[in-house]
Amino acid sequence: LISALPEKLMKQYGTIYVVGWGMFIGGFASWVIQVPWKDCGVIDKGSIGFLAVAVLVGSMFAYLLYMEGVRLIGAQLANLLACVEPISATVFAVLWLQSSIGVYDYIGFVFIIGAIIVVSLEEKVGNKPRNACKS
């Protein structure tokens, strides 16, 4: 598993600045491509508040925490934990929201757990996994 991590930049400037500038540049590029003021819907206090929460909590804060975790525990372990996220999200949806799951969900679980086992076995056997984090 590979994580594209700007290791030198994060060591020099810190995670929050790298993530902040990355989101600013990506947002500006998106703004240039997709004109935001055209067909934008209703703009009121509620929609601006919901947008702010979605951007700050759902995108920026979550990605900042993920990148800080990658910096602290390493790309491989962070990616293994991220692979388990769809399973935990499904389990919480079933338990908390009483959602139902089908055959394709179980097949997805098998593939996710299989990928985690393969990567874990590769590490135990001694094969050094590729690391995209080294610059």
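Note down all Cβ pairs under 6 Å where the first residue falls in the stretch 2-26 and is in a helix (DSSP H, G or I), the second is of a type in the set (S, T, N, Q) and modelled with pLDDT under 80, and they're at least six residues apart or on different chains.
Sorted first by the residue in the stretch 2-26, then by its partner, the pairs are E7/S135; K8/S135.
Step by step: first the residues of the stretch 86-114, then only those that are in contact with a Gly (Cβ under 9 Å, 6 or more places away or on another chain) and open to solvent by less than 50 Å² (accessible area, probe 1.4 Å), then the one that is modelled with the lowest pLDDT. Which residue is that?
Restricting to residues being in contact with a Gly (Cβ under 9 Å, 6 or more places away or on another chain) and open to solvent by less than 50 Å² (accessible area, probe 1.4 Å), the top hit is I87.
Taking C83 as meeting all but one of (1) open to solvent by 50 Å² or more (accessible area, probe 1.4 Å); (2) in contact (Cβ under 8 Å) with a residue 24 or more places away in the chain; (3) not charged (D, E, K, R), write down the number of the exception.
With (1) open to solvent by 50 Å² or more (accessible area, probe 1.4 Å); (2) in contact (Cβ under 8 Å) with a residue 24 or more places away in the chain; (3) not charged (D, E, K, R) applied to C83, the lone miss is (1).
Among the residues of the stretch 50-80, which ones are open to solvent by 40 Å² or more (accessible area, probe 1.4 Å), within 30 Å of Y106 (Cα to Cα) and under 12 Å from the mean Cα position of the chain (by Cα)?
Listed by number, the residues that qualify are G58, S59, A62, Y63, L65, Y66.
So that you can scan it fast, the table gives a plain yes or no per residue for (1) more than 21 Å from I16 (Cα to Cα); (2) out of contact with any Ser or Thr (no Cβ under 9 Å at 6 or more places or on another chain); (3) part of a loop (DSSP other than H, G, I, E, B):
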{"site": "S47", "(1), (2), (3)": "yes, yes, no"}
{"site": "A52", "(1), (2), (3)": "no, yes, no"}
{"site": "L56", "(1), (2), (3)": "no, yes, no"}
{"site": "L64", "(1), (2), (3)": "no, no, no"}
{"site": "V70", "(1), (2), (3)": "no, no, no"}
{"site": "L80", "(1), (2), (3)": "yes, no, no"}
{"site": "C83", "(1), (2), (3)": "yes, yes, no"}
{"site": "S88", "(1), (2), (3)": "yes, yes, no"}
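Given the criterion closer than 30 Å to E7 by Cα, more than 19 Å from the chain's Cα centre (by Cα), modelled with pLDDT under 85 and open to solvent by 80 Å² or more (accessible area, probe 1.4 Å), identify the matching residue among I43, I117. Walk me through it before giving the result.
Numbers: I43 fails: closer than 30 Å to E7 by Cα.
The conditions single out I117.
The values are calculated or read from the model by the stated rules, or taken from the named source; none is laboratory data. Because the structure is predicted, anything quoted here is derived from the model rather than measured. Using ideal geometry, Cβ is built from the backbone for each residue, glycine included, and neighbour counts are taken over all protein chains shown. The area values use the complete protein model at the heavy-atom level, side chains included, leaving out ligands, DNA and RNA. Shrake-Rupley method; radii C 1.70, N 1.55, O 1.52, S 1.80 Å.
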